[in-house]
Each structure stands twice: as C-alpha cells, then as structure tokens.
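Let me begin by handing over the structure; questions about it come next.
Any read-out appearing in this document is the output of simple, stated calculations on the displayed coordinates, not a laboratory observation. For clarity, every value in this text was computed on a predicted model and none was experimentally measured. Here the Cβ is made from the backbone with ideal geometry for all residues, glycine too, and neighbour counts use every protein chain on show.
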Ligand code: SF4
C-alpha cells in the first residue's frame with residue numbers, strides 16, 4: 001500500500017546557533033525549481049518570511065546519508081515527505 005504519508009523515519013529537526021550557508025548545488029536546485037530568485041532570495045510557496053528565516057537555521061541528522069543536512073536541502077530531498085511538529089517524515093530510500 002502506498003499513500004502520501006508513507007515514511008520510514010521521523011527525523012528530529014534541530015536548530016543551529018551558527019549561520020548556515022547553502023551550497024552552490026543546493027542553490028542551483030532551488031533556482032531550478034523556482035524556490036529561489038536570481039538574487040538568491042528564497043521564495044517557497046506557502047512559507048512565510050518568518051518561517052523561511054527559521055528554516056535557514058535548522059538541520060537534521062540524516063539517517064540515510066548518515067550526516068548532518070541543513071533543513072532546506074532536506075526539504076527539497078526526494079525522500080522528504082512532510083514536516084510535522086518539529087520532525088521531518090523521511091521516506092528513507094537510498095540516495
Ligand atoms: S528527507 Fe533526505 S535529507 Fe532529509 S532526512 Fe530524509 S534522506 Fe535525509
């Protein structure tokens with residue numbers, strides 16, 4: 001059975017004190033999918049400026065890649081299912 005809420009992991013979203021910079025690769029993906037303008041400003045449908053600011057400071061310990069991943073790249077990862085109460089629901093497929 002497959003539905004929109006299929007997921008393998010519930011990954012806790014943590015907040016970093018340090019400023020996190022997005023890699024060129026991630027910025028490229030964001031631009032391609034229309035989530036970042038030419039000036040590098042994030043624009044995600046349905047996500048407020050305040051929320052975007054918060055997202056920039058967040059990260060997860062990715063159970064698939066076994067490393068720290070900033071929330072924004074996690075958000076655009078093909079395994080990203082949804083975000084609920086401080087957790088990412090992750091499909092957990094190999095990347
Ligand atoms: S959605 Fe992607 S980046 Fe986020 S936790 Fe799952 S595999 Fe890792």
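What are the residues in segment 21-30 that are within 14 Å of the ligand (Cβ to nearest atom) and either in contact with a strand residue (DSSP E or B) (Cβ under 6 Å, 6 or more places away or on another chain) or farther than 20 Å from residue 93 by Cβ (or both), if any? I'd like the intermediate steps shown before the answer.
Pass one, segment 21-30, residues within 14 Å of the ligand (Cβ to nearest atom): 22-23, 25-26, 29.
Those that are within 14 Å of the ligand (Cβ to nearest atom) and either in contact with a strand residue (DSSP E or B) (Cβ under 6 Å, 6 or more places away or on another chain) or farther than 20 Å from residue 93 by Cβ (or both): 22, 23.
When you scan segment 40-53, do you find a residue that is surrounded by 10 or more Cβ atoms within 10 Å (Cβ to Cβ), touching a residue at least 40 places away in the same chain (Cβ under 8 Å) and in a loop (DSSP other than H, G, I, E, B), even just one?
No, the conditions are met nowhere in segment 40-53.
Then there's this: Within segment 79-92, work out how many residues are near the ligand (Cβ under 9 Å from one of its atoms) and in a strand (DSSP E or B). Give the derivation first.
We begin by selecting, within segment 79-92, every residue near the ligand (Cβ under 9 Å from one of its atoms); these are 79-81, 88-92.
Of the ones still in play, those that are also in a strand (DSSP E or B) are 80-81, 88-90.
Of the residues in segment 79-92, 5 are near the ligand (Cβ under 9 Å from one of its atoms) and in a strand (DSSP E or B).
List, please: which pairs have Cβ atoms under 7 Å, are six or more places apart or on different chains, and start with a residue in segment 62-74 that is without any contact (Cβ under 8 Å) to a residue 24 or more places away in the chain and end with one that is more than 6 Å from the ligand (Cβ to nearest atom)?
Sorted first by the residue in segment 62-74, then by its partner, the pairs are 68/59; 68/61; 69/59.
Here is a follow-up. Filter segment 62-78 down to the residues that are more than 18 Å from residue 27 (Cα to Cα) and within 8 Å of the ligand (Cβ to nearest atom), then identify the one that is surrounded by the most Cβ atoms within 10 Å (Cβ to Cβ). Don't jump to the end; show me each part of the working.
Keep residues of segment 62-78 that are more than 18 Å from residue 27 (Cα to Cα), which gives 62-67.
Remaining after also requiring within 8 Å of the ligand (Cβ to nearest atom): 62-65.
Working: 62: 21, 63: 15, 64: 17, 65: 15.
Within segment 62-78, the match that is surrounded by the most Cβ atoms within 10 Å (Cβ to Cβ) is 62.
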